[in-house]
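Working notes, structure below.
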Amino acid sequence: MKSLKELYKIGRGPSSSHTMGPYKAAGIYAERHPEAKGFVVTLYGSLSATGKGHLTDVAINDALGRVAPVEIVWSKEFLEFHPNAMKFAVKADDGSLQDEWTVYSVGGGALSEGDAAADALNQGPEVYSLSSMTEIQEWCQDNGRSFWEYVEECEGPDIWDYLSDIWKVMQQAVEDGLQNEGVLPGPIHLQRKATVYFVKANGYKPSLQSRGLVHAYALAVSEQNAAGGTIVTAPTCGSSGVMPAVMYHMKHGHDFSDMRILRALATGGLFGNLVKQNASISGADVGCQGEVGVACAMAAAAVCQLFGGTPAQIEYAAEMGLEHHLGMTCDPVCGLVQVPCIERNAFAATRALDANFYAMLSDGRHIVSFDDVVSVMKQTGHDLPNLYKETGIGGLAASYKK
């Protein structure tokens, strides 16, 4: 399993799979062909279906257009390896296509050439020897240590500098989102709500105020992402509002120190990393359960650790965060990361707090393990028809009439 540096990434919205991944791939191809006179890029499956709403064509043009003109071809075909597929080619003077390269955007900004076992694009070493939560829990029990200590053991002490940078960007995204107002880009004309929610929440008594503030924080980051602002994939752009909202609330509402929050980010990241390794964090592959559901699990684990949960209670909180999002479709209206994505981030943030509270009332023992629910989530996602997986043609996306 790879470093948390491959999970938490600083980037620009609105989509890690549809914007960050294609931009990265286009940059690689541009470096291979600095003398090209023209490019043809074919987008397949989910990248084609929602690419314009997610600004995929803009991202590719930003990277390749510096070298030569770019022609985008939108294909409805789904390639076998992953729904987010793209094929790059150099356009010769006679119109023929040369040096074709097929690559897949597999979630969280990561790329693959179609062979997950030996993929040169999966950069970075394998830093975790254990790849299941059961094994990691046994390590914690045998060594009398916590999840964040396992992260430090595998990653080394420099992980804290990296997570410190991640935490700064998360906080800035919340604060920027609370300041910005107006309409988000796109045909829905969706009004930003974070500022209004923040003002209204502060008018309630403490019992309701904290919940309203968490909603405001999650809306703030998600709206920044939808507007193409700078956010952190946690684990993706589309689910980037959950973890920052909960952690920001832990700092400002409960006075937890930055160091303790960094440790919580490490623990939450460990759970997200396991899903990325053993299932998927791509909405186009497994639906929104792999994005918002995983973000909820990460945040639940992080906050449970902050409140003194045992490894068993932390694992239980994360398991509930994912389990109760099983089957959630990815059905973006107009292919935008706006409806229902932004509201889902807000609800998942408060659900993470509920999962923590429920787990803390227990002794940590339960029937379905985190590893089990990850396996079930993967199978459930693959059983979903493609129209419910980031194609913008099923579910809520189909019900929208402009």
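The values are calculated or read from the model by the stated rules, or taken from the named source; none is laboratory data. What you are looking at is a predicted structure, and each value in this text was computed from that prediction instead of being measured. For neighbour counting, all protein chains shown are included, and Cβ atoms are generated from backbone atoms with ideal geometry for every residue, glycine included. Note: areas computed on protein heavy atoms with side chains; ligands, DNA, RNA excluded. Shrake-Rupley method; radii C 1.70, N 1.55, O 1.52, S 1.80 Å.
Let me spell out the model: positive unit charges on the Cβ of Lys and Arg, negative unit charges on the Cβ of Asp and Glu, origin at the Cα centre of the chain. What dipole size does that give, in debye rounded to 20? Before the final figure, lay out each step's value.
On the way: 30 positive and 45 negative charges, 322 e Å.
Here the chain has a charge dipole of around 1540 debye.
Got a number for carbon plus sulfur as a percent of the chain's accessible area, 1.4 Å probe? Write out the running numbers ahead of the final one.
Values: 8260 of 16280 Å².
In the chain, the share of accessible area belonging to carbon and sulfur is 51 percent.
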**Item:** Fraction in percent of alpha-carbon pairs per bin - 5 Å, the range 360-402
**Value:** 5, 18, 15, 14, 12, 11, 10, 9, 5, 1
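Suppose R0 equals 56 Å; then what is the FRET efficiency for R211 and D94 from their Cβ-Cβ distance, rounded to the nearest 0.05? Please list the in-between numbers first.
Numbers: r = 64 Å, r/R0 = 1.13.
Taking R0 as 56 Å, the efficiency between R211 and D94 is 0.30.
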**Request:** Would you list, by chain and number, the lysines whose Cα falls below 24 Å from the Cα of K2, excluding same-chain residues fewer than 8 positions away?
**Result:** K24, K168, K276, K378
**Message:** If packing is taken as the average count of other Cβ atoms within 10 Å, what order do 350-356, 366-372, 92-98, 298-304 fall into, highest mean first?
**Reply:** 298-304, 350-356, 366-372, 92-98
**Fill in**
Using alpha carbon centers only, the range 296-339 is separated from the range 19-80 by a whole-angstrom value of 32
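Roughly what percent of Cα-Cα pairs across the chain reach past 29 Å? Can you show the working numbers first?
Details: 32453 of 80601 pairs.
Result: 40 percent of Cα pairs exceed 29 Å.
Using alpha-carbon pairs under 8 Å, 6+ residues apart, how would you state the relative contact order of the range 169-246 in percent? Please report the intermediate quantities before stating the final value.
On the way: 128 pairs, mean separation 26.1, N = 78.
Relative contact order for the range 169-246 comes out at 33 percent.
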**Item:** Degrees separating the helix 206-226 axis from the principal Cα axis of the chain, which is the longest one
**Value:** 20
**Prompt:** For the chain, modelled as a GNM with alpha-carbon contacts under 10 angstrom, which of G287, G27, G381 fluctuates the most?
**Reply:** G27
**Message:** Distance between the C-alpha centers of the range 142-210 and the range 244-258? Whole Å please.
**Reply:** 9
**Item:** Accessible area (Å², per residue) of the chain, counting only protein heavy atoms and a probe of 1.4 Å
**Value:** 41
**Item:** Cβ-isolated cysteines (cut-off 4.7 Å), the chain
**Value:** C140, C154, C237, C296, C304, C334, C341
**Item:** Net dipole in debye of the range 229-359 [+1 Lys, Arg Cβ; -1 Asp, Glu Cβ; about Cα centre; nearest 20]
**Value:** 260
**Prompt:** Rounded if a/c is under 1.5, else prolate if a/b beats b/c, else oblate: with a ≥ b ≥ c from the C-alpha gyration tensor eigenvalues square-rooted, which is the range 153-298?
**Reply:** oblate
**Message:** Using the Cα centre of the chain as origin and beta-carbon charges of +1 (Lys, Arg) and -1 (Asp, Glu), tell me which of G109, H189, S146 is placed farthest towards the positive end of the dipole.
**Reply:** H189
**Prompt:** Which one of H325, A349, T267 has its Cα pushed farthest toward the positive end of the charge dipole of the chain, where Lys and Arg give +1 and Asp and Glu give -1 at the Cβ?
**Reply:** A349
